[in-house]
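Only one structure is covered here, and it is reproduced in the block below.
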Amino acid sequence: MVNKPGKIGRNCIIGEDVILGENVCLGHNVIIEDHVRLGDNTVIEENTIVRGGVELFGNSYVGANCILGEHLLDWHKGTPNCTHPLRIGGHALIRSHTTIYGNSEIGEHLQTGHYVSIRENSNLGNHVSVGNYSDIQGEVKIGNYVRLHSNDRIEQYSQIDDYVWLAPGVELCNDPTPPSNDMMGVHIHSFAVVGAKALILPGREVKSDSLVAAGAVVTKDVEPFAVVGGNPAKVIADIRDIKNKKTGEPAYPWRYHFNRAMPWDEIGYEVWALAMKAQ
Amino acid sequence: MVNKPGKIGRNCIIGEDVILGENVCLGHNVIIEDHVRLGDNTVIEENTIVRGGVELFGNSYVGANCILGEHLLDWHKGTPNCTHPLRIGGHALIRSHTTIYGNSEIGEHLQTGHYVSIRENSNLGNHVSVGNYSDIQGEVKIGNYVRLHSNDRIEQYSQIDDYVWLAPGVELCNDPTPPSNDMMGVHIHSFAVVGAKALILPGREVKSDSLVAAGAVVTKDVEPFAVVGGNPAKVIADIRDIKNKKTGEPAYPWRYHFNRAMPWDEIGYEVWALAMKAQ
Amino acid sequence: MVNKPGKIGRNCIIGEDVILGENVCLGHNVIIEDHVRLGDNTVIEENTIVRGGVELFGNSYVGANCILGEHLLDWHKGTPNCTHPLRIGGHALIRSHTTIYGNSEIGEHLQTGHYVSIRENSNLGNHVSVGNYSDIQGEVKIGNYVRLHSNDRIEQYSQIDDYVWLAPGVELCNDPTPPSNDMMGVHIHSFAVVGAKALILPGREVKSDSLVAAGAVVTKDVEPFAVVGGNPAKVIADIRDIKNKKTGEPAYPWRYHFNRAMPWDEIGYEVWALAMKAQ
C-alpha cells in the first residue's frame, strides 16, 4: 500500500505487502522487497536495497548503495522462512554504502557514516552514531548516546553502556587465545572515553569516567577516573587532573564540560541530572 | 548460452558468449559482461557487475553491489585486448560491496566479508576467508584454510602459508625505507597466529606455531613456538605454556585444540594427520 | 547539452543543464544530476551517481558504484538552494565505491583507491593519491604530490604539505581531550614520511625530511631529519644514517633517491630543483 507517496524515482521495484508512509521518496533504482514498512517523510536514495521484513520509522534518510536487512547465513543455506526482521527507529541518518543485517533492533536517531557494517543480533539504543568504516560484528549491546567514530571494530559479545565515546580505530577484542570457541567480550562502562587506535583485550572492563589514551593496548581492567596509556597500558594520570589544552580548564569528567548533542545540551549536565533525579 | 536458468531479475544486462549453468539466479540490475561463465546453482545479487572473462564455479553466492573481474590499469590506458581473466572456485560466498580484480586465481570455498578488496595477481588456495574491509593488495600468495579477519592489510609480495590466522587490523608491510622500489614481503608460516592490530615489518618471517600478541610491532623474525609482544616486539612466552582462559587447558599449538571448519573437523588433528601421512 | 558523446549505457538518467564533453562514455545505470559538467574523454562506470553541481575535467575515469558531489548535512535538513559544487581537475582516476562530497576543490591527476571517502571542505592539490579505505574527514588542506596509502584517516583541520608520504593505517588526530570542541589539527611538512599504523596526536607537527617509524605514537613535534619510533615515540636515529636494505646506499632524504611519478621523474631531484630555481 502506497499512502500519498512523495517522488518515486525511475526503475524502482517494490514488493508485496509494502507500506510506504506519507511523503516517502525513493531515488532511482531503489529495491524494496516484501513486507517492508517505511515511516512518513523517509527518503531512500538511489540503488539502495531494503530487504524483506525491514521496518524503518519516519523522518529517516538512507543514502545511496545501502543494504538494509541483509540476509543472514541461513538464507545462503536455503532455509525456508528465514526472514529476520530489522527494526530501526525514526530520525535515522544512514549514509551511503552502509550494510545493516536483519535480526537487529536499533533505536531512534541512529546515525551512520559511509561503508558501515552492522551484523545481526545487534541491539543499539537511541542516539547512537557509528562513523565511516566502523564494523559492529553482531551479538553486541550498545546503549544510548554512544559515539563510535570511524574505523572502530566492535567484536561479538562486546557491551557498551550509555554516553561512551570511542575515537577512530578502536578495537574491542573477544578471543583471548585465537583461534578458540571461548569468547570473552569487552565491557565499556558509561562516560568512558577510548582514544584513537586503542586496543582493548578480551574480557577487559573499562570503567566509568576513565580514559584510555590513544594507541594504548589495554591488558587489565581500567578503574574509574584512571587514565591509562602505552603498550601494555599503565595508569598515567587521574582523569580529574587533565586540562583542556586551549582553555586550561578541567576537561573531565567530560559530562560537566561538553554538551553538544547530549540530552543536557541546553541546560548542562548538573541541572539535567537533578531534573532526571526529581522525576 | 543460458542453460535452464533460474530466476533472472529485472533490468539485467547479459553480454555475449556468456554461459550460465543450471539454476543460476540473477538479482535485479545485474550486469554480466562478455565471455563470463557462472557454474550451476550460483546466485548473483542486485547491482553486481561481473566483468569480461570471469569464471566462477558452481554453488557460489555473490552479494549485491560487488565487482568481479575489475579492470586493471592497462584498461584505463586503453590497451587493446587487455582482458585479465579471474577464476574463482566453487562454493564461494562473496559478501556485498566486494571488489575482486582480474588476473587472479582463487580456490574453492572462498569466503569474503563486505567491502573486501582483492587486487590482481593474487593467488589464494582453498577455504580462504577474508573479513570485512580486508585489503589484499595483489602480488601475494595465500595458502589453504587461511583466515584473515576484518581490516587486515596484506601488502604486495606477502606470502601466507596454510592454516594461518590473522586477527583484525593486522598489517603485513613491504617497504623498509618508504618510498622506495625495493620491496621485501612478509612471510607467515603455517599454523602461526597473529593477534589484533599487529604490524609485521617488511621482510620479516613469522614461523610455524608462533603467536604474535595483539598490538605487537614485529621488527625481527619470530621463531617457532615463540610468543612475541610489545613495541618493538620481544619474546614474552613459549606458546606451549599458554592456557585457555576458561578451561585452563593448553591452547596451543592450536591445531590440537581447535577443529571448527578445519579439514580435521570431526576427527581431530592427530587422527587426521596420521590418515594424511598414511595416504 | 551532449556534445558528440561516446557510448552511453542502458538505463542512464541525465538531468538538466548537463554538459558532456566529446567522447564522454557512461556505463549502464549511471545517474547524472542537474548542472554537471564532464570534460572530454571522461568515462563514468556503471551505477555511479554524479550529483548536482559537479565539474569533473577531461580525461578522467570514475569507477562503478561511486558518488561524486555527495549531499552535505544541510541537504538532509531540507535547506533550499543548498548546492555545494565539487570541482575535480582533469586526468582523475577514481576507483569504485568512492564517495566524494560537494564543496571541495581537487587538483589534476587525483587518484583514489576503492571505498575512499572525502568529506566537504577538502582542498587537495595536484597529483594527490588516496589509497583504499582512506578517509579524509573534511576541513583539510593537502598539497601536491601527496601519497596517502590505504586506510589512512585524516581528521578535520589536518594540514599536509607537498611531497608527503603516509604509509597505510596512519591516523592524524585532532581532539586532545575527547569529547571537546577544541580541535587542534596535525601539520605534516614537505618531504616527511609517516610509517604504517603511526598515530600523530592532535596539534603535533611532523617537520620536513623526518621519518615516523611504523607503529609509532607521536606525542611531541618531530624535528627535521629526525627518525622517531615507539609508544610514545622517541628519537631513534638521524634520517641521513638510514640505508636502503638492498643496496646499502643512503635512503633519505628520499627525494635524492626516489623518482617514480614525481615531477623530477626523468632528471632526478637535483637537476629539477636547480631548473625550478632558475625559473
Using the Karplus equation 6.51 cos²θ - 1.76 cosθ + 1.60 (θ = phi - 60°), what ³J(HN,Hα) coupling, rounded to whole Hz, does each residue of the range C:134-143 give in order, writing x for Gly and Pro?
6, 9, 9, 8, x, 6, 10, 10, 10, x
Amide H within-cut-off set for B:N41, under 5 Å, with H built and near neighbours excluded:
B:E22, B:N23, B:V24, B:N59
From the label point of A:K220, set 7 Å along Cα to the beta carbon, how far off in nm is each other copy's matching point, shortest first?
2.7, 2.7
Relative contact order of the range C:131-279, please, whole-number percent, based on alpha carbon pairs below 8 angstrom and at least 6 residues apart.
13
Calculate the tail of P(r) for the range C:185-241: the fraction of all Cα-Cα distances greater than 14 Å, expressed in %.
42
Long-range amide H contacts for C:Q111: which residues qualify at under 5 Å (H placed 1.01 Å from N, peptide plane, sequence gap of 5 or more or a different chain)?
C:L93, C:V128, C:S129, C:V130
List the relative contact order of the range A:219-270 as a percent without decimals, with contacts defined as Cα pairs under 8 Å and 6+ residues apart.
19
Need one number: nm distance between label points at A:M276 and A:K141, each 7 Å from Cα along Cα→Cβ, rounded to one decimal.
1.8
Given the protein chains as shown and a 1.4 Å probe, how many square angstrom of A:W75 are accessible, to the nearest 10?
90
What nm distances, shortest first, do you get from the label point of B:G78 to those in the other copies when the point sits 7 angstrom along Cα to Cβ?
4.9, 4.9
Considering amide H positions built from the backbone, and no H for Pro or chain starts, which residues 5 or more places from A:R10, or on another chain, come under 5 Å of its amide H?
A:H28, A:N29
Do any residues of the range C:187-208 lose at least 40 Å² of accessible area when the full set of protein chains is present rather than just their chain alone, and if so which, with a 1.4 Å probe?
C:K197, C:L199
Taking Lys and Arg as +1 and Asp and Glu as -1, residues besides C:A64 with C-beta under 11 Å from its C-beta add up to -1
The relative contact order of chain A, taking Cα pairs under 8 Å that sit 6 or more residues apart, comes to a percentage of 7
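Take the alpha carbon atoms of the range C:67-135, find their radius of gyration, then divide it by 2.2 N^0.38 Å using N residues; give the quotient.
1.10
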As an exercise, use a Förster radius of 22 Å and the Cβ-Cβ distance of C:E105 and C:I236 to find the FRET efficiency, rounded to the nearest 0.05.
0.05
Take the Cα coordinates of chain C, assign each an equal point scatterer, and use the Debye formula without solvent to give log10 I(q)/I(0) at q = 0.16 Å⁻¹.
-1.17
Estimated 222 nm signal from helices in chain A, with DSSP H stretches of n ≥ 4 weighted -39500 (n - 2.57), rounded to 500:
-1500 deg cm²/dmol
Hypothetical label at A:N181: residues of the range B:223-266 whose amide nitrogen lies under 19 Å (7 Å Cα-Cβ projection):
B:243-266
In degrees between 0 and 90, to the nearest 10, how far off the longest principal axis of chain B does helix B:269-278 point, with axes built from Cα atoms?
70
Taking a probe of 1.4 angstrom, what is the accessible area of A:W165 in Å², to the nearest 10?
40
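In what sequence, largest accessible area first, do A:V235, B:V217 appear using a 1.4 Å probe?
A:V235, B:V217
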Keeping every protein chain present and rolling a 1.4 Å probe, give me the accessible area per residue for chain B in Å².
38
Applied in sequence order to the range C:20-37, the curve 6.51 cos²θ - 1.76 cosθ + 1.60 (Karplus, θ = phi - 60°) yields integer Hz couplings, x standing for Gly and Pro, of 9, x, 5, 6, 6, 10, 10, x, 5, 6, 6, 10, 10, 7, 5, 6, 9, 10
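Compute for the protein assembly as shown: radius of gyration divided by Kirkwood radius, i.e. Rg/Rh, restricted to C-alpha atoms, rounded to two decimals.
Answer for the protein assembly as shown: 0.95.
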I want the local charge near B:V206. Using Cβ-Cβ distances under 11 Å, sum +1 for each Lys or Arg and -1 for each Asp or Glu among the other residues.
-2
In whole angstrom, note down how far apart the Cα centers of the range A:162-239 and the range A:73-105 are.
29
Where labels lie 7 Å past Cα in the beta-carbon direction, separation of C:K77 and C:D162 in nm
3.9
C:D34-B:D17 FRET efficiency (beta carbon distance; Förster radius 35 Å; 0.05 resolution)
0.35
7 Å along Cα→Cβ for the label point: how many nanometres lie between B:A273 and each equivalent label in the other copies, listed shortest first?
5.7, 5.7
Within the accessible area of the range B:188-261 (1.4 Å probe), percent carbon and sulfur:
51
What are the ³J(HN,Hα) couplings of the range B:209-216, residue after residue, when phi is run through the Karplus curve with 6.51, -1.76, 1.60 and θ = phi - 60°? Round to Hz, x for glycine and proline.
6, 9, 9, 9, 5, 4, x, 6
DSSP beta bridges in the protein assembly as shown: the antiparallel percent, rounded to 5, is 5
Cα centroid separation, the range A:107-154 to the range C:1-51 (Å):
36
Expected field for C:K220, accessible surface area in Å² at 1.4 Å probe radius, rounded to 10, holds 150
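The values are calculated or read from the model by the stated rules, or taken from the named source; none is laboratory data. All figures in this text were calculated on a predicted structure; none of them were measured in a lab. Don't worry about glycine lacking a Cβ; one is built from the backbone with ideal geometry, like all the others, and counts go over all protein chains shown. Each accessible area value is taken on the protein alone, full model and side chains, heavy atoms only, with ligands, DNA and RNA left out. Shrake-Rupley method; radii C 1.70, N 1.55, O 1.52, S 1.80 Å.
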